[in-house]
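Below: the structure, in structure tokens.
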Amino acid sequence: MKVLILAIDRDNDFGVKAGVNGPVIGREKCLDAAVKLSLADPEDSDANTLFAAIKLYDELKRSGEFEDVEVALITGHPSVGVKSDLELSRQLEEVLKVFPADGVIPVTDGAEDEQIFPIISSKVPIISSRRVVVKQSPGIETTWYIIVRYLKELLSDPEASKVFVGIPGMIVLLFGLAKLISLRYPASTQIVSSVVTGFIMLLVGGYFFVKGFKLRPIQSIAKMISRGFITFIAGLTGLIVIGVGAIKVYLTIESIAESMIGGIPSNELIALLIYINALNFYFILGLGIIALGKIIQGYLRRNFHLWYYVTALLMLPGFWIVIDVVTRYANPFIKISTTEIATKVLLVGVDLVISILIGLKLKERIKNWAIRVPSL
């Protein structure tokens, strides 16, 4: 029986650090590769894995249990996953062409390399396996050195230091300030604690949300300002109008409900319908300001999509009517006649048709205009 002792380097440390390209076949070549990696990075466990494979090769050679024994190294790719596994599979086929083994003994340094065992077993039976665990000094000095070393590496990485040092430091700082304020004003202890806790949750949650979705809010705002200052101002103004309108409606919801249904809403859903109906004006007004800013910016920059922004602005009255009718119709305390509904639907249809026709007409004219006049 021919047995292959196979050392596996899934992330190709041999290639990246020592310039050794796989596959490597034969004891002398494997020994040379292991020495090269040990010199390049004495702390890399892959070198120990290959030394262990060579040691196992020597033991099996001396024992004479098998007809023939060979040792080889296959290397993957730094991008661990499909790419590295395809490379390992290709190199294993090359090894088997040189040494057609009847069985293989994989030698690895952890569970990551063992993930390719199904690929190996699909080509040649696995008769055993060996995992190499590098021994560490149990002394306190060595443990302390390792801890300090990894802490230094952690602090040298700006992103990691923000998460593991910056955020905990900010939390401790804010709670310390809250404690000092509560000593000065004992009656405000609960308020200060709630404010600080909420502020911490807002900052930490916002940070992880931005990082998790890979958002770049500061860069996006800067890009928006540099590309279209008028659009930015109009957008900010529109959002302020919507936000202020939302606050005003919330604070005056009872008086609005009195005028609409003649009393206080009986449940939250009815109150929500009244709130949306009252907010409708501010919402459409804010969108109109945003669209108007787009139109002005598009006109100054000779933007071909100017017709699209004009069409959107013209459609806003129709949207206002739809929201108004739907929220009033869904409210059981408001009676709305069929004639009024039909009239509103007709107005919406007319608004949409006019908006689309004007938009299509503008599209053709602006297309020629944008070609004749160079962009600013």
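The values are calculated or read from the model by the stated rules, or taken from the named source; none is laboratory data. Note that the structure is predicted; figures quoted are calculated from it, not measured. Backbone-built Cβ (ideal geometry, glycine too); neighbour counts: all protein chains shown.
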Open item on the list: When you scan the range 301-319, do you find a residue that is free of Cβ contacts under 8 Å to residues at least 60 places away in the same chain, assigned by TED's automatic domain parsing to the domain that holds A234 and farther than 29 Å from I233 by Cβ, even just one?
Closed with: no
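Across the range 50-86, what is the number of residues that are charged (D, E, K, R) and under 18 Å from D13 (Cβ atoms)?
Narrowing the range 50-86 to residues charged (D, E, K, R): 55, 58-59, 61-62, 65, 67-68, 70, 83, 85.
Adding the requirement that they be under 18 Å from D13 (Cβ atoms) leaves 83, 85.
Qualifying residue count for the region: 2.
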Open item on the list: For the list (1) in a helix (DSSP H, G or I); (2) modelled with pLDDT under 70, I need the number of the one condition that M201 fails.
Closed with: (2)
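Within the range 234-261, take every residue that is of a type in the set (G, A, S) and loosely packed, with under 12 Cβ neighbours inside 10 Å and give me the one that is farthest from K335 (Cα to Cα). Even if it seems obvious, please write down each step before you answer.
Let us first name the residues in the range 234-261 that are of a type in the set (G, A, S), namely 234-235, 238, 243, 245-246, 255, 257, 259.
Still in the list and also loosely packed, with under 12 Cβ neighbours inside 10 Å: 255, 259.
Values: S255: 19, S259: 14 Å.
Here the answer is S255.
Restricting attention to helices (runs of 4 or more DSSP H) lying wholly within the range 43-131, give those where 1 or more residues are more than 36 Å from the chain's Cα centre (by Cα), in contact (Cβ under 8 Å) with a residue 12 or more places away in the chain and surrounded by fewer than 19 Cβ atoms within 10 Å (Cβ to Cβ).
Working: elements: 45-63, 82-98, 111-114, 117-121.
So the answer is 45-63, 82-98.
So which residues in the range 325-355 are buried (at least 18 other Cβ atoms within 10 Å of the Cβ), in contact (Cβ under 8 Å) with a residue 24 or more places away in the chain and within 24 Å of I290 (Cβ to Cβ)? Please lay out each step first, then the result.
Taking the range 325-355 as the starting set, the residues that turn out to be buried (at least 18 other Cβ atoms within 10 Å of the Cβ) are 325, 327-328, 331, 344, 348, 351, 355.
Now restrict to residues that are in contact (Cβ under 8 Å) with a residue 24 or more places away in the chain: 327-328, 331, 348, 351, 355.
Within the range 325-355, T327, V348, D351, S355 qualify.
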